[in-house]
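Worksheet: one structure, shown below.
The values are calculated or read from the model by the stated rules, or taken from the named source; none is laboratory data. Just so it is clear, the model here is predicted, and its values are computed rather than measured. Neighbour counts run over all protein chains shown; Cβ positions are idealised from the backbone, glycine included.
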């Protein structure tokens with residue numbers, strides 16, 4: 001299978017070089033770096049930072065939690081002569097928030113957005129010995145920042161900031177014509193797929209070769225002339241293995257560009273053959289109803305914040321979901337590192353991928369910048385079979401009373417459906433739904449009040465969705481017409497357990513009174529699950545949350561991923577209630 005140490009296991013180029021490790025780093029609190037040309041003259045009295053960890057994190061080697069809105073990075077590195085024989089691409093997984101980039105004193109450009117990838121063709125600027133410089137602005141103003149807290153000391157359900165580089169930085173060597181990206185549209189009914197391959201550079205006289213493997217067996221080997229861009233190929237699979245949480249079979253795909261029989265560029269990745277749809281008010285995977293059993297996962301780490309300490313940490317988080325007897329996660333307010341999604345694909349964990357809209361006003365001036373980030377994330381993550389839904393917004397209550405805000409949400413949702421009609425859309429998680437949603441989801445933390453109360457509230461919420469009454473429980477715009485969309489309880493629980501304290505300096509934040517111990521937690525959990533299951537209209541649930549984050553102590557695990565409750569007991573509850 002693919003090497004998960006690469007930055008993008010779903011898109012691997014043969015020749016690449018990591019730029020992670022120690023860089024020079026300086027704060028620029030007085031914003032003097034540009035005028036003094038630090039990009040040419042070097043950083044004054046720099047300290048060392050370990051990339052890709054943000055300076056606020058311990059793993060960066062700095063661990064400074066005070067506010068610094070402008071920072072600079074500098075990396076010197078050597079490149080082998082053979083690496084530079086063709087074209088060289090410089091790639092960034094994610095840099096929060098606005099990055100300006102120079103290589104050997106030449107300005108490459110800028111990128112705005114803290115969660116989306118970007119790259120530059122540096123062929124004309126790279127040499128054997130190189131100096132790469134970044135200036136990063138992160139003012140945490142009116143911008144999409146997810147659960148990052150702009151205050152000096154975070155509290156509640158927002159957390160420490162991540163500024164600057166927090167995903168891999170690397171170089172790739174490719175031909176004069178190269179594969180920029182590809183998208184696979186699986187078709188379960190026809191037992192095949194359609195491939196769109198996007199090529200850059202000189203495309204005259206080229207052929208695209210496509211190979212598909214299942215395990216080690218080659219299933220497809222065909223070529224097509226490059227006459228259009230994107231190149232479209234339809235193919236039927238001679239051996240069909242559908243992807244599902246129970247059997248997460250993956251097909252390996254190899255693409256190469258050939259000219260006069262020689263390979264100019266090649267990449268490899270993978271895809272899963274699966275479909276996502278709505279059938280009779282339920283979510284269906286491969287045309288069969290599936291009940292969602294999710295946990296909320298916010299993607300924070302005590303030592304690295306947004307950046308996982310290593311790939312194994314990402315794998316362990318996915319494995320924890322399986323141990324709990326769950327089949328998925330709601331990736332909350334954070335488009336995650338692609339290596340996380342690889343493990344979801346590989347191990348069979350479904351994902352709702354949520355955009356980081358918190359912190360951004362829904363004023364029209366922000367629409368295009370937000371869309372640019374959403375579009376880039378969806379394009380990057382398109383081939384992950386584990387991702388079954390896009391969630392662009394969370395708990396935007398103002399949508400119900402402000403027409404500009406409503407139109408903002410509706411426009412983003414319309415663009416998402418045009419870009420990716422193959423997945424479900426959850427327009428505004430929790431509230432207020434505007435009508436463009438494929439799934440309606442509910443947030444309710446009243447389960448601590450007991451089985452009868454919780455069940456009654458859930459039934460009333462479902463009734464309100466269908467009839468509009470009671471109005472005080474409405475989570476849709478007034479003119480919303482329910483049309484048999486699946487209804488998911490996508491936030492509930494949130495309980496603390498007495499005796500647990502934050503492992504960082506934060507005030508405790510939980511929903512409702514904490515339980516006395518693990519035994520009481522399991523009792524309450526069992527009763528809540530029973531109430532959820534008896535609300536037969538519900539198509540699934542998502543418990544808050546997989547692990548504690550800073551002061552929010554409501555996870556199955558602590559912030560440093562130690563179990564607070566026995567996962568086997570939780571899995572047993574899921575099994576005995578009848579899911």
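Summary of values
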read-out: Qualifying residue in the stretch 59-72 (condition: in the same structural domain as residue 32 (by TED's automatic domain parsing), more than 26 Å from residue 181 (Cβ to Cβ) and within 23 Å of the chain's Cα centre (by Cα)); value: yes
read-out: Selection from the stretch 348-380 of residues that are closer than 20 Å to residue 314 by Cβ and in contact with a strand residue (DSSP E or B) (Cβ under 6 Å, 6 or more places away or on another chain); value: 348, 349, 350, 351, 352, 353, 354
read-out: Subset of the stretch 36-57 that is part of a strand (DSSP E or B) and in contact with a helix residue (DSSP H, G or I) (Cβ under 7 Å, 6 or more places away or on another chain) - its residue that is nearest to residue 18 (Cα to Cα); value: 50
read-out: Checklist (1) in the same structural domain as residue 128 (by TED's automatic domain parsing); (2) within 30 Å of residue 315 (Cβ to Cβ) applied to residue 14, failing item; value: (1)
read-out: Number of positions in the stretch 488-499 that are assigned to a loop (DSSP other than H, G, I, E, B) and either modelled with pLDDT under 90 or crowded, with 17+ Cβ neighbours inside 10 Å (or both); value: 3
read-out: Residue that is surrounded by the fewest Cβ atoms within 10 Å (Cβ to Cβ) [pool: residues in the stretch 7-31 that are without any contact (Cβ under 8 Å) to a residue 40 or more places away in the chain and not in a strand (DSSP E or B)]; value: 30
read-out: The stretch 432-449, residues that are more than 15 Å from residue 413 (Cα to Cα) and out of contact with any strand residue (DSSP E or B) (no Cβ under 7 Å at 6 or more places or on another chain); value: 446, 448, 449
read-out: Only listed residue being in contact with a helix residue (DSSP H, G or I) (Cβ under 6 Å, 6 or more places away or on another chain), surrounded by fewer than 18 Cβ atoms within 10 Å (Cβ to Cβ), within 30 Å of residue 511 (Cα to Cα) and assigned by TED's automatic domain parsing to the domain that holds residue 510, chosen from 398, 464; value: 398
read-out: Residue in the stretch 414-424 that is free of Cβ contacts under 8 Å to residues at least 40 places away in the same chain and touching a strand residue (DSSP E or B) at 6+ places or on another chain (Cβ under 8 Å) present; value: yes
read-out: Residues satisfying the stated conditions in the stretch 345-369, i.e. crowded, with 24+ Cβ neighbours inside 10 Å and closer than 14 Å to residue 115 by Cα; value: 353, 354, 355, 356, 357
read-out: So residue 98, is it under 26 Å from the mean Cα position of the chain (by Cα) and surrounded by fewer than 21 Cβ atoms within 10 Å (Cβ to Cβ); value: yes
read-out: All positions within the stretch 154-165 that are within 26 Å of residue 110 (Cα to Cα) and not in a loop (DSSP other than H, G, I, E, B); value: 164, 165
read-out: Test: residue in the stretch 298-318 that is touching a residue at least 40 places away in the same chain (Cβ under 8 Å), on the phi > 0 side of the Ramachandran plot and outside the structural domain of residue 213 (by TED's automatic domain parsing); value: yes
read-out: Residues satisfying the stated conditions in the stretch 127-153, i.e. touching a strand residue (DSSP E or B) at 6+ places or on another chain (Cβ under 8 Å), assigned to a loop (DSSP other than H, G, I, E, B) and surrounded by fewer than 22 Cβ atoms within 10 Å (Cβ to Cβ); value: 128, 140, 149
read-out: Selected residue (criterion: surrounded by the most Cβ atoms within 10 Å (Cβ to Cβ)) from residues of the stretch 155-208 that are more than 26 Å from the chain's Cα centre (by Cα) and within 21 Å of residue 384 (Cα to Cα); value: 192
read-out: The stretch 503-526, residues that are crowded, with 17+ Cβ neighbours inside 10 Å, touching a residue at least 60 places away in the same chain (Cβ under 8 Å) and in contact with a helix residue (DSSP H, G or I) (Cβ under 8 Å, 6 or more places away or on another chain); value: 511, 524
read-out: Residues that are crowded, with 21+ Cβ neighbours inside 10 Å and more than 22 Å from residue 406 (Cβ to Cβ), drawn from the stretch 467-487; value: 486
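This table checks each residue for (1) within 25 Å of residue 306 (Cβ to Cβ); (2) assigned to a strand (DSSP E or B).
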site	(1), (2)
34	no, no
71	yes, yes
75	yes, yes
80	no, no
90	yes, yes
107	no, yes
115	yes, no
